[in-house]
Amino acid sequence: MKTTYRETQLPNGLRIAAECAPDAASAAVGMFVCTGARDEPHNLMGVSHFLEHMMFKGSAARPASEVNEAFDRIGARNNAFTSHEMTAYHAHVLPDHLSQSFSLVADLLRPALRDADFNQEKNVILEEIAMYEDNPFWVVYERALEVYFQGHPLSYRVLGTKESVGQMTRNQMQEYFSQRYSPSNTILVAAGNINFDALVEQAKVETEKWDSKGVKREYPTLVPHRGSFTLEIEKATRGYMVLIWPAPDQADPRRYAAMLCAQIIGDSEGSRLYWSLVETGIAVHAAVGYQGRDGVGEFVGSVVCATEDLDEAEAIFRAECKKLSDSLTEDDLVRARRKIATAVAVAGESPSGRMQRLGSMLASLGTFNALELELERINALTLDDLRTLLREFPFDPYVVGRVVPPTDKSNPESTMPESTI
């Protein structure tokens, strides 16, 4: 899909960017707000995600019953998400309905926050938290982040806790919204068959009454912690393990080498861990992913296997990490490049994929990098680049967390003592 990049900024601070593709059969639009779990006060943990839900409860001009109906009427594929660092609202439509879909997305971002809706949705959020608590992998992953990021806002849970959400008030949410949902902290992005100039003119109208203020993100010093723990959970039927260690942040040029190293050792198929743990029958899942964040980054490993095989699986995992640098080959490099190139190309074929990539990139990096430039940087990497990355960010897990079925059936959920690695 041939595209042209356009960008501008309104006087109220709203940044507008698009990849225009006149020949595309569809168009996508989204609004990315640079706020997430890491920007919340500790006592309001989960407010960003809760607020995302409240956006769909309607504005002063549109009741909740009309929100989804309005999107359905124009055939939109719309959704939203919240992470530690951003909250996004987006829609994918036929070009004729782009203006309507943007108007709906913009209206979402000025919610009424009615008391009745707040109280009703709080129960929905609490049920969602309970649902994730039934997922052993999610439980160990969140706990591992808390150990690794101990004392840092990145340790906060995106969904919050039963306590933080249960005690949250509508007025607290309103204050958080007023502080963070400023046009100066929001990016309007679009991709596909769009008229950029018309989109800009519409944005001026849609956001002219939005109150703009300075918004800052705090960057407390991070000291990654080491530790290990085991949680006993009745719903677990096998062993789950999560391992975390330092990686480059999302703006670090070494992130490309980090992506390739994670691909080589922990891709779902054909990686070192696949052959040593999955293909041998020791584990049903073994992977490593790179997570770049604003100012920090981490590698996250995961293994699922029989409880009695956890020790062996961890030993093999560590052995593969330790020998990765010395065992790298040109073939590893070529295969990893091609897999990433395929993933990038597939995402780039869809206006929705391009819109979400563009929004996430601008919200996280602040600058636009064309797909072609990203691929050039990846293809320029050498084995020396990967080995340098592995020297500077050794694949040596700082945190190892496990979930296992309870050994004491009378105690369905317990935590075994933590120890230092």
Worksheet item: Tell me, what is the percent relative contact order of region 227-419, built from C-alpha pairs under 8 Å that lie six or more residues apart?
Response: 42 percent
Worksheet item: At residue 217 and residue 42, where each label point lies 7 Å from the Cα along Cα→Cβ, what is the point-to-point distance in nanometres?
Response: 2.1 nm
Discussion item. If I stretch the segment between residue 23 and residue 94 completely, what's the gain in nm (0.36 nm per residue apart, minus their alpha carbon distance), one decimal?
Written reply: 24.3 nm
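Regarding region 227-419, what is the average projected area of its C-alpha convex hull, in nm²?
Details: hull surface 48.4 nm².
The orientation-averaged projected area of the Cα hull of region 227-419 comes to 12.1 nm².
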Worksheet item: So what's the net charge close to residue 276: Lys and Arg +1, Asp and Glu -1, counting the other residues with Cβ under 14 Å from its Cβ?
Response: -3
Worksheet item: How far is it, in nm, from the label point at residue 269 to the one at residue 373 when both lie 7 Å from their Cα along the line to the Cβ?
Response: 3.3 nm
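Quick one: compute the contact order of the chain, relative version, from alpha carbon pairs under 8 angstrom and 6+ residues apart, as a percent.
Numbers: 825 pairs, mean separation 93.4, N = 421.
The normalised contact order for the chain reaches 22 percent.
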Worksheet item: Taking 0.36 nm per residue of separation and subtracting the Cα-Cα distance, what length does fully extending residue 69 through residue 133 add?
Response: 19.9 nm
Worksheet entry | Degrees separating the helix 196-206 axis from the principal Cα axis of the chain, which is the longest one | 80 degrees
Worksheet entry | Segments 128-138, 35-45 sorted - mean Cβ within 10 Å per residue, highest first | 35-45, 128-138
Response to the item:
For the chain, longest principal axis from Cα atoms; helix 115-133 axis from its Cα atoms; angle between them, nearest 10 degrees, is 20 degrees
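Sorted by mean Cβ packing within 10 Å, highest first, what order do the peptides 332-340, 288-296 take?
Details: 332-340: 17.6, 288-296: 19.7.
Highest mean packing first, the order is 288-296, 332-340.
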Worksheet entry | Vicinal HN-Hα couplings computed from phi for region 390-395 (Karplus, 6.51 cos²θ - 1.76 cosθ + 1.60; Hz; Gly/Pro x) | 6, 6, 7, 10, x, 7
Response to the item:
So, with points 7 Å from each Cα along the Cβ direction, the residue 172-residue 81 label distance in nm works out to 2.7 nm
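Would you calculate, for the chain, the mean residue ellipticity at 222 nm contributed by helices, counting each DSSP H stretch of 4 or more residues as -39,500 (n - 2.57) and dividing by all residues, to the nearest 500?
Details: 14 runs with 172 residues, N = 421.
Per the formula, -13000 deg cm²/dmol.
Where does each of 373-384, 77-88 land if you order them by average Cβ count within 10 Å, highest first? Please list the in-between numbers first.
Working: 373-384: 13.8, 77-88: 19.8.
Listed from highest to lowest mean packing, they are 77-88, 373-384.
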Worksheet item: If you add up the charges near residue 168, with Lys and Arg at +1 and Asp and Glu at -1, over every other residue whose beta carbon is less than 12 angstrom from its beta carbon, what do you get?
Response: -1
Worksheet item: In degrees between 0 and 90, to the nearest 10, how far off the longest principal axis of the chain does helix 170-180 point, with axes built from Cα atoms?
Response: 90 degrees
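Find out how many positive minus negative residues lie around residue 215, taking Lys and Arg as positive, Asp and Glu as negative, among other residues whose Cβ is under 10 Å from that of residue 215. List each step's numbers first, then the result.
Values: positive: 180, 213, 216, 217; negative: 39.
So the environment of residue 215 carries a net charge of +3.
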Practice prompt. List the lysines whose Cα lies under 28 Å from the Cα of residue 204, skipping any in the same chain that are fewer than 8 positions away.
Written response: 2, 57, 213, 216
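Only the coordinates and a few stated rules stand behind these numbers; no lab work does. Note that the coordinates shown come from a computational prediction; the quantities given were computed from them, not determined experimentally. Virtual Cβ from ideal backbone geometry, glycine too; neighbours counted across all protein chains shown.
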